[in-house]
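The structure appears right after this line, and notes come after that.
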Amino acid sequence: MSLSQSINAAISGLQATQSALTVVAGNVANASTPNYIRKSSSQVATGAGASDIGVRVIGINRELDAFVQAQLQTETSGGAFADLRASFYDQLQQIYGQPGSNGALETVFNNFTTAVQGLSTAPDSSAARSGVIASAQALTQQLNAMTASIQGLRTNAEAGLASAVQTANQAMQQIATINQKLAGSNVSDATTTVLEDQRDSAINQLAQLMDIRVVPTGQNQLSVFTNSGVQLVGAQASQFSYDNHGTLSAQNAYSTDPNQRGVGTITLVTPNGGSTDLLATNAIRSGQIAAYVQMRDQVLPQAQAQLDQIAAAMSSALSDQTVGGTAVTAGAQTGFDLDTSSLLAGNQIQLTYTDNTTNTQRQVTIIRVDDPAALPLSNSATPNGNDKVVGVNFSGGMASVVAQLNSALGGTFLQFSNPAGTTLRVLNDGAGNKITVNAASTTSTVTTLTGGSAQLPFFADAAGYYTGAITSAGPQSVGLAGRIAVNSALAADPSRLVVYQTSPLTAAGDATRPNFISNQLTRAALAFAPQAGIGSPANPYNGTLGSYLQQVIGQQAQAASAADNLKQGQDVVVNSLQQRLNNESGVNVDTEMATLLQLQNAYGANARVMTTVRDLIQLLLQM
């Protein structure tokens, strides 16, 4: 080897070593930087020509395990989903209160029933009456506060979705921009690895928000899809739009119908101008966005519905009065006459008949509906999904009512008529003997405190009565827990807890009404709508208020526990994959220090070669 070849080899060695030292320095400097991938320098020996003998750097590599990285991105979405759900469930549990504590819903309800039972034993005690009113007000205030808190969580989820959409747009745009830069031919190796790290960081950020699939497409390009197949990033980035609805109430619900939807939805706008509603198509199934959507549109509305069921059941149990029909015969036909004069919107007529051709007993529930836009009603309008439900508009008078019922139920061989006034007559088919009408009754809301019955409008829906009315905006029960209050007239005159008639005046020590209230609250079997998540349409939950409340608390506690277990399990998986990626692709400072020593030795060796060549040249010159 000539002296010039030796010099060229030493110089190339120094340059390659210097490049490697720069890489090591960058690794050490970024040892604690999130998502940083360890870099290494690739070198090759050059040819044996006079000017190119030596070593040359051919690239800067990322020491990345792509398979582990893909697994981590997938599990990151699941981990973010589980973590956010568990956080919301924890906040929801705080709303219900610690079991046994003074502020827990069950404790406040028990205080109310205890006060009522105390009044039953001492109906003439003014202190007992005041105690019932005070405990009832505490219960309604608790339901009001819980509703406000649940809707506050839904509002937080709405705002969280708006923030997540903004973050996702930024991440997708960054991925697309880096794709474009990496496609350029003038990008250096060092710059390439930095850009790839930045792109991975943006992908990881997007994976926190939703479930994604990353597909390499050549020329160092990546395309990003949702797991459902919707493309988010290619040569260009799509954009999300979100119509934030701000503060939510119980009436704000999700619907695939834009005219009925009361919350925000996420729309994907592609670079060519196309748009897709990602929530309506269930395109996002994991990540923080899916968790926000699930809590806002499913879990929290169900929790609200359960509180509304409690409020509605308390109101109806104390104010609803059921009156059986009067048996009547008309020729060969038999049936019942029903007085409909006291029916308000939402009040019901119940019919039971036997289909003699199949020996099957059937139920019919007729509901007064004052908003024609709410018709027709579905069978889910009552807790028992097995009922045949018919909504009837009473605004056109009894002739119209009869016509509507005969039209809706004529095929069942029930025959309706109006013999006089507000009387509704229902008969079987007579000689045909296809059916037998077994029973008929009306259930109406008592609106006076001294109407002569034990029933009373103990609770109010804001300034009005709770009658179970159904309108085009939905059932009156929706959000009732946030509006329920003790009847102001009763609060002003607690004696009406005992006095149920004024002529003759109820005796001060008469326990009829207190006993009725106590029985309805603690022993009466009530029906609860399965839409709140307890029971099913085929087998609705029937039980006392106390037992339903325990079901609610137990179900919520179990759901919170399951969410926490999922979070812990998912965290283990994510942390394990992250540790594995760190071990294989992260920076180990000890390893870098060992590499640094090797490079220093190599640098010194090349420097000694140059020193030796220098000394030889000087010796030659001296000769």
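Any residue at all in region 309-321 that is in contact with a strand residue (DSSP E or B) (Cβ under 8 Å, 6 or more places away or on another chain), at pLDDT 95 or above and assigned to a strand (DSSP E or B)?
yes
Can Leu343 be described as in a loop (DSSP other than H, G, I, E, B) and closer than 19 Å to Gly474 by Cβ? So that I can check it myself, show each step before the final result.
On the way: in a loop (DSSP other than H, G, I, E, B): yes; closer than 19 Å to Gly474 by Cβ: no.
It is false that Leu343 is in a loop (DSSP other than H, G, I, E, B) and closer than 19 Å to Gly474 by Cβ.
Which of the residues belonging to region 192-213 are in contact with a helix residue (DSSP H, G or I) (Cβ under 7 Å, 6 or more places away or on another chain) and in a helix (DSSP H, G or I)? Lay out the reasoning, then the answer.
Initial filter on region 192-213 (in contact with a helix residue (DSSP H, G or I) (Cβ under 7 Å, 6 or more places away or on another chain)): 192, 195, 198-199, 202-212.
Thr192, Leu195, Gln198, Arg199, Ala202, Ile203, Asn204, Gln205, Leu206, Ala207, Gln208, Leu209 - these are the residues of region 192-213 that are in contact with a helix residue (DSSP H, G or I) (Cβ under 7 Å, 6 or more places away or on another chain) and in a helix (DSSP H, G or I).
Is there a residue being surrounded by fewer than 16 Cβ atoms within 10 Å (Cβ to Cβ), in a helix (DSSP H, G or I), among the polar types (S, T, N, Q) and in contact (Cβ under 8 Å) with a residue 40 or more places away in the chain anywhere in region 112-120?
no
Looking at Ser40, Ser12, Ser4 in this structure, which one is part of a strand (DSSP E or B), small (Gly, Ala, Ser) and modelled with pLDDT under 90? Full working, then the answer.
Values: Ser12 fails: part of a strand (DSSP E or B); Ser4 fails: part of a strand (DSSP E or B).
It is Ser40.
Yes/no per residue for (1) over 27 Å from the mean Cα position of the chain (by Cα); (2) surrounded by fewer than 16 Cβ atoms within 10 Å (Cβ to Cβ); (3) more than 20 Å from Ala481 (Cβ to Cβ):
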position	(1), (2), (3)
Phe81	no, no, yes
Ser126	yes, yes, yes
Thr140	no, no, no
Leu153	no, no, no
Asn156	no, no, no
Ala164	no, no, yes
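Does Ala237 satisfy being in contact with a helix residue (DSSP H, G or I) (Cβ under 7 Å, 6 or more places away or on another chain), surrounded by 13 or more Cβ atoms within 10 Å (Cβ to Cβ), small (Gly, Ala, Ser) and closer than 25 Å to Ala473 by Cα? Steps first, please.
Working: in contact with a helix residue (DSSP H, G or I) (Cβ under 7 Å, 6 or more places away or on another chain): yes; surrounded by 13 or more Cβ atoms within 10 Å (Cβ to Cβ): yes; small (Gly, Ala, Ser): yes; closer than 25 Å to Ala473 by Cα: no.
So Ala237 does not fit the description; no.
Do we have any residue at all in region 217-227 that's of a type in the set (A, V, I, L, M, F, W, C), over 20 Å from Arg285 (Cα atoms) and in a strand (DSSP E or B)? Before the answer, list the steps.
Residues of region 217-227 of a type in the set (A, V, I, L, M, F, W, C): 222, 224-225.
If we keep only those that are over 20 Å from Arg285 (Cα atoms) as well, we get 222.
Imposing the further condition that a residue be in a strand (DSSP E or B) reduces the set to 222.
The answer is yes; a qualifying residue exists.
Which of the residues spanning region 512-533 are in a loop (DSSP other than H, G, I, E, B) and surrounded by 17 or more Cβ atoms within 10 Å (Cβ to Cβ)? So that I can check it myself, show each step before the final result.
The first filter runs over region 512-533 and keeps only residues in a loop (DSSP other than H, G, I, E, B), leaving 523-525, 529, 533.
Passing the criteria: Ala529, Gly533.
Six or more apart or on different chains, Cβ under 7 Å: which pairs go from a residue in region 263-280 that's farther than 26 Å from Leu248 by Cα to one that's surrounded by 14 or more Cβ atoms within 10 Å (Cβ to Cβ)? Could you list them?
Thr270/Ser238; Pro271/Gln236; Pro271/Ser238
Looking only at residues that are crowded, with 20+ Cβ neighbours inside 10 Å and among the aliphatic types (A, V, I, L, M) in region 460-477, which one is farthest from Val446 (Cα to Cα)?
Ile470
Mind checking which residues of region 375-420 are within 22 Å of Gly474 (Cβ to Cβ), part of a loop (DSSP other than H, G, I, E, B) and at pLDDT 90 or above?
Listed by number, the residues that qualify are Leu375, Pro376, Leu377, Asn393, Phe394, Ser395.
Listed here are the residues, each with its yes/no results for (1) crowded, with 21+ Cβ neighbours inside 10 Å; (2) of a type outside the set (Ser, Thr, Tyr); (3) closer than 30 Å to Ala145 by Cβ; (4) modelled with pLDDT under 90.
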| position | (1), (2), (3), (4) |
| --- | --- |
| Ile175 | yes, yes, no, no |
| Leu195 | no, yes, no, yes |
| Val215 | no, yes, no, no |
| Thr247 | no, no, yes, no |
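Might you let me know whether region 275-293 holds any residue that is touching a helix residue (DSSP H, G or I) at 6+ places or on another chain (Cβ under 6 Å), hydroxyl-bearing (Ser, Thr, Tyr), closer than 18 Å to Thr167 by Cβ and assigned to a helix (DSSP H, G or I)?
Checked region 275-293: at least one residue is touching a helix residue (DSSP H, G or I) at 6+ places or on another chain (Cβ under 6 Å), hydroxyl-bearing (Ser, Thr, Tyr), closer than 18 Å to Thr167 by Cβ and assigned to a helix (DSSP H, G or I).
Take Ser495 and decide whether it is more than 27 Å from Leu92 (Cα to Cα), more than 22 Å from the chain's Cα centre (by Cα) and modelled with pLDDT of 95 or more.
Working: more than 27 Å from Leu92 (Cα to Cα): yes; more than 22 Å from the chain's Cα centre (by Cα): yes; modelled with pLDDT of 95 or more: yes.
Considered against the rule, which asks whether it is more than 27 Å from Leu92 (Cα to Cα), more than 22 Å from the chain's Cα centre (by Cα) and modelled with pLDDT of 95 or more, Ser495 comes out as yes.
Evaluate the following for Ala431: is it farther than 15 Å from Gly325 by Cβ, in a helix (DSSP H, G or I), touching a residue at least 60 places away in the same chain (Cβ under 8 Å) and small (Gly, Ala, Ser)? Lay out the reasoning, then the answer.
Values: farther than 15 Å from Gly325 by Cβ: yes; in a helix (DSSP H, G or I): yes; touching a residue at least 60 places away in the same chain (Cβ under 8 Å): yes; small (Gly, Ala, Ser): yes.
Taking the combined requirement at face value, the residue satisfies it.
Being in contact with a helix residue (DSSP H, G or I) (Cβ under 8 Å, 6 or more places away or on another chain), part of a strand (DSSP E or B) and not β-branched (Val, Ile, Thr) is the filter here; which residues of region 460-493 pass it?
Result: Ala460, Asp461, Pro475, Ala485.
State whether the residues of region 534-541 include one that is under 22 Å from Val108 (Cβ atoms), part of a loop (DSSP other than H, G, I, E, B) and modelled with pLDDT under 95. Even if it seems obvious, please write down each step before you answer.
As a first pass, look at region 534-541 and keep what is under 22 Å from Val108 (Cβ atoms): 534, 541.
If we keep only those that are part of a loop (DSSP other than H, G, I, E, B) too, we end up with 534.
Pick out the ones that are also modelled with pLDDT under 95 and you get 534.
Yes, the conditions are met somewhere in region 534-541.
Give the residues of region 355-369 that are modelled with pLDDT of 95 or more and either more than 24 Å from Ser536 (Cβ to Cβ) or small (Gly, Ala, Ser) (or both), sorted by residue number.
Of everything in region 355-369, those that are modelled with pLDDT of 95 or more and either more than 24 Å from Ser536 (Cβ to Cβ) or small (Gly, Ala, Ser) (or both) turn out to be Arg368, Val369.
Does region 177-193 hold any residues that are touching a Lys or Arg at 6+ places or on another chain (Cβ under 7 Å) and modelled with pLDDT of 90 or more, and which are they?
So the first thing to find is which residues in region 177-193 are touching a Lys or Arg at 6+ places or on another chain (Cβ under 7 Å), and the list is 178, 187, 193.
Of everything in region 177-193, just one residue is touching a Lys or Arg at 6+ places or on another chain (Cβ under 7 Å) and modelled with pLDDT of 90 or more, namely Ile178.
Given the conditions (1) surrounded by fewer than 22 Cβ atoms within 10 Å (Cβ to Cβ); (2) over 30 Å from Asn144 (Cβ atoms); (3) touching a Ser or Thr at 6+ places or on another chain (Cβ under 6 Å), report the number of the one that Gly287 does not fulfil.
Every condition holds for Gly287 apart from (1).
The values are calculated or read from the model by the stated rules, or taken from the named source; none is laboratory data. Note that the structure is predicted; figures quoted are calculated from it, not measured. Please note: Cβ atoms are built from the backbone with ideal geometry, for glycine as well, and neighbour counts cover all protein chains shown.
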